[in-house]
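Student: Quick one: the structure is below, questions incoming.
The values are calculated or read from the model by the stated rules, or taken from the named source; none is laboratory data. Quantities reported herein were computed from a predicted structural model and do not represent experimental measurements. Positions of Cβ are generated from backbone atoms using ideal geometry, with glycine treated the same way; all protein chains shown enter the neighbour counts.
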Amino acid sequence: MKKILLGATALCGVALADAPAMPTVTDVEGRYANNVNIEASDRLKQSIDVGFANTTGNTKTTNLNAKYGASYTTLGWGNQALKWAFDASMFLTRDNDTTTNEEYVAMLGAEQNIANGWYGYGAINWLKNSFRNYDNKWSFSAGVGKVIFDDGKHSLSAKLGGAYNIEDYSNAQADEKFASLNQYLEYNNKLNASSNLYVKLGAMQNLENFSKDYEVMGVAGVDVALSEALYLKVEQEVSYDALPPAGFDKTDTKTIVSLGYKF
């Protein structure tokens, strides 16, 4: 199932006649570890993305998506940087006055620098989407990460941790609670002063059914700074769920172009 999105910031609106509204590409880092904005500083950093489209005529459709993010850095253990981040997103699709998709996602995470590129992290993730068979999907995770190398142009980092997952389904499928092993790998290539190429890979294995119940997700994209506040992203996502909720495909892809504003 392939989905294409063209997004806009709160300052811009776009027409999207044929594609269903979707949020930005899935936050791989937030989903399988935590996500703390690399720009987190002792001043609150925030960003907003909003997209809206409405069509009339042969079909009547309304598409709405929005995302908010915030990050902040304080001093933590050993006077090392302690980064905090929160983000939330939603999207809604209506066709001929009937809601065909609706999703809400939120994440709260913390990242504690330790030494020599090592850090610890913790996060709480929540998702609600009855159209994907999730009344509520919770994940409570913790682990360690390492900046493997960073020469100013190329960087590679990895995270490894565990999570406790609670999945409440919308249909008659039995709810699940399980522990998982989570992994995350990210590569960045700073192409020039205003653009960055990145690849993000995440995976999760159910510790009770390690070889059969697992997820893998990858995102490749380019982030281009248009000004100090505006940025453009082009991203491709591929995800695979070996045991998806009943009635859903194992593989999903998204191709997304988005415009954002940070402050």
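Student: Going residue by residue through the stretch 241-250, is there one that turns out to be without any contact (Cβ under 8 Å) to a residue 12 or more places away in the chain and surrounded by 15 or more Cβ atoms within 10 Å (Cβ to Cβ)? Don't jump to the end; show me each part of the working.
Tutor: First, pick out the residues of the stretch 241-250 that are without any contact (Cβ under 8 Å) to a residue 12 or more places away in the chain: 244, 250.
Filter again for surrounded by 15 or more Cβ atoms within 10 Å (Cβ to Cβ), leaving 244.
Yes, the conditions are met somewhere in the stretch 241-250.
Student: Of the residues Asn79, Asn192, which is under 29 Å from Val224 (Cα atoms), without any contact (Cβ under 8 Å) to a residue 12 or more places away in the chain and polar (S, T, N, Q)?
Tutor: Asn192
Student: Here is a further query. Starting from the stretch 41-56, keep only residues that are aliphatic (A, V, I, L, M) and modelled with pLDDT of 80 or more, then list their pairs with residues that are surrounded by fewer than 19 Cβ atoms within 10 Å (Cβ to Cβ) and not in a strand (DSSP E or B) whose Cβ atoms are within a distance under 7 Å, requiring at least 6 positions of separation or different chains.
Tutor: Ile48/Ala10
Student: Search the stretch 185-196 for residues being within 18 Å of Ala158 (Cβ to Cβ) and not polar (S, T, N, Q), and hand back the single one that is surrounded by the fewest Cβ atoms within 10 Å (Cβ to Cβ).
Tutor: Tyr187
Student: Additional query: Only residues in the stretch 126-139 that are closer than 12 Å to Pro244 by Cβ and in contact (Cβ under 8 Å) with a residue 12 or more places away in the chain count as the first member; pair them with residues that are of a type in the set (Phe, Trp, Tyr) and part of a strand (DSSP E or B), Cβ under 7 angstrom, at least 6 apart or cross-chain, and list the lot.
Tutor: Asn133/Tyr169; Tyr134/Tyr169
Student: A further question follows. Exactly one condition in (1) surrounded by fewer than 16 Cβ atoms within 10 Å (Cβ to Cβ); (2) more than 30 Å from Val224 (Cβ to Cβ) is not met by Gly161; state its number.
Tutor: Here Gly161 meets the rest and fails (1).
Student: Oh, and also: Kindly provide the set of residues from the stretch 192-228 that are farther than 20 Å from Ile256 by Cα and either out of contact with any strand residue (DSSP E or B) (no Cβ under 9 Å at 6 or more places or on another chain) or of a type in the set (A, V, I, L, M) (or both), ordered by number.
Tutor: Within the stretch 192-228, Asn192, Ala193, Ala203, Met204, Leu207, Ser227 qualify.
Student: Here are Ala174, Ala225: which of them is at pLDDT below 95 and surrounded by 13 or more Cβ atoms within 10 Å (Cβ to Cβ)? Give the derivation first.
Tutor: Values: Ala174 fails: surrounded by 13 or more Cβ atoms within 10 Å (Cβ to Cβ).
One residue alone meets the criteria, Ala225.
Student: Restricting attention to the stretch 84-101, which residues are at pLDDT below 90 and either of a type in the set (A, V, I, L, M, F, W, C) or under 22 Å from Glu29 (Cα atoms) (or both)?
Tutor: The answer is Ser89, Met90, Phe91, Leu92.
Student: Those residues that are crowded, with 18+ Cβ neighbours inside 10 Å and out of contact with any helix residue (DSSP H, G or I) (no Cβ under 9 Å at 6 or more places or on another chain), I need them from the stretch 95-111; list them, please.
Tutor: Those that are crowded, with 18+ Cβ neighbours inside 10 Å and out of contact with any helix residue (DSSP H, G or I) (no Cβ under 9 Å at 6 or more places or on another chain): Ala110, Glu111.
Student: All but one of (1) at pLDDT 95 or above; (2) farther than 30 Å from Val234 by Cβ; (3) surrounded by 17 or more Cβ atoms within 10 Å (Cβ to Cβ) hold for Asn182; state the number of the condition that does not hold.
Tutor: (2) is the only condition that Asn182 fails.
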